[in-house]
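Read-outs: derived from the displayed coordinates by stated rules, not from any lab. Predicted, not measured: the structure shown is a model, and the values here were computed from it. So basically every Cβ, Gly included, is an ideal-geometry build from the backbone, and we count neighbours across all protein chains shown.
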Ligand SMILES: *Cc1c(COP(=O)(O)O)cnc(C)c1O
């Protein structure tokens, strides 16, 4: 039963048409498209009716409704995908867009996507060309592989390789390497989707060469090694090196594949990152196929790169699934530009943002942290306690999971405001500022801050802490 009072209030609600006329004359809504205003009015009226019926609102006036329409319209119009400030210190942050592109990659996207290009046209012969040719030679040059192809992402690359090389047959994988990556990429599931039969060997902590050898029979299609990107098995462990797997495969005429996951083109161990095989090292073992991501340690656009021998790559290129996973021209433009930087390792380390952030010297970080502390102290005065703390940054993106990169972070505490509330207020600022909480302090790591972002942070904190 709706009470008489509620009935009365509901009846007083203005209609859509009436509100529309008011909204069109409202100075706050002059630039707003009519379709957006209409959507906002309908939603506000619906919410208001519900609020009245559930007793959370006793009366309503036209002015309030219009104010709601104006703010909801602004919300509807605001882009959903927008820039954020990453102060977490996680360099390849999976939730915050993973890799950042180098400026030459951004420029090349503008050049290629803003006009016509030879995407599928051979300028020399005047005939149809292949989009895959744009990066194949460059990838081969950098990895030492015979052939290569770039597709939509590494998950797609793995699916495509399994489908091409082992559909309907068994794929032998160590139990210690049955990886799950965030976003529901799981080796056993990809195996099922590609029509392969997973043949698990060994145990979680130890797998021997004989485990692979004993698993091989007439129905074996592929021996596969998967990089344990986001975890480490420690203690009493044993894995079979790719090189030994290649020997077993060659003896039995079975192809070998490694999913490297992140796949670095540069040995980063001298920068305090772990000793991981580079793509070129994996290729040099003689493996038939190696796959890796374009937007993890490579620091390029989202892509999956498959390198290997002519035999395997020819089959992959002819697979109809390749068309479904094909790379688009924006990605291709960014990928070619990014890869070209690797011809000079020093240039790559300097110009590819991901590599630059991972290899910043500690002294540079401390200088930046100190400068930020001065700026924030000057801006916030007695409203906050600003200090530094020696904590660590992480690579993220499922690479070097055990590595902690030493960093000097800026910490903020404010009287009368919990760290949780500060974190939320910073997150709801435009642009959103994403930090972390440690020991009841709001923490920002200079490692992942881009040029000029310190000033935005200072102004955000001033609004949050000094406006009350
Ligand atoms: C990240 C990762 C993938 C998936 O790569 P995407 O580029 O995210 O599709 C697959 N395998 C491994 C081992 C990975 O680390």
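Helix 362-380 and the longest principal axis of the C-alpha atoms of the chain enclose an angle of approximately 0°. Along its three principal directions, the equivalent ellipsoid of the stretch 103-351 from the Cα gyration tensor extends over semi-axes of 31, 21, 15 Å, largest first.
The calculated P(r) of the chain, using every Cα pair and 10 Å bins from 0, goes 4, 16, 21, 20, 17, 13, 7, 2, 0 in percent. Could you state the angle between the C-alpha long axis of helix 453-466 and the longest principal axis of the C-alpha atoms of the chain, as a value from 0 to 90 degrees rounded to the nearest 10? The angle comes out at about 30 degrees.
Fewest Cβ neighbours within 10 Å first, please rank 212, 342 accordingly. Please list the in-between numbers first.
Details: 212 26, 342 22.
In order of increasing Cβ crowding within 10 Å: 342, 212.
Going from the residue with the fewest nearby Cβ atoms within 10 Å to the one with the most, 466, 161, 60, 196 rank 466, 60, 196, 161. A simple spin-label model places the labels of residue 49 and residue 120 5.0 nm from each other, with each point 7 Å out along Cα-to-Cβ.
Counting only DSSP beta bridges with both residues in the chain, the antiparallel share comes to about 60 percent. On a 0 to 90° scale, report how tilted helix 103-113 is relative to the longest principal axis of the chain, with both axes built from alpha carbons and the result rounded to the nearest 10. It works out to around 90 degrees.
Summarised in one figure, the compactness ratio Rg/Rh of the stretch 335-415, Cα atoms and Kirkwood Rh, is 1.12. Each of 283, 90 has some number of other Cβ atoms within 10 Å of its Cβ, and from fewest to most they run 90, 283.
Express in nm, to one decimal, how much length is gained between residue 215 and residue 59 on full extension, taking 0.36 nm for each residue of separation and deducting their alpha carbon distance.
Numbers: separation 156, 0.36 × 156 = 56.16 nm, distance 7.46 nm.
That pair, residue 215 and residue 59, stretches by 48.7 nm at full extension.
Contact order, relative form, for the chain: 19 percent (alpha carbon pairs under 8 Å, 6 or more residues apart, mean separation divided by residue count).
Rounded to the nearest 0.05, the FRET efficiency derived from the C-beta distance between residue 95 and residue 271 at R0 = 22 Å is 0.35.
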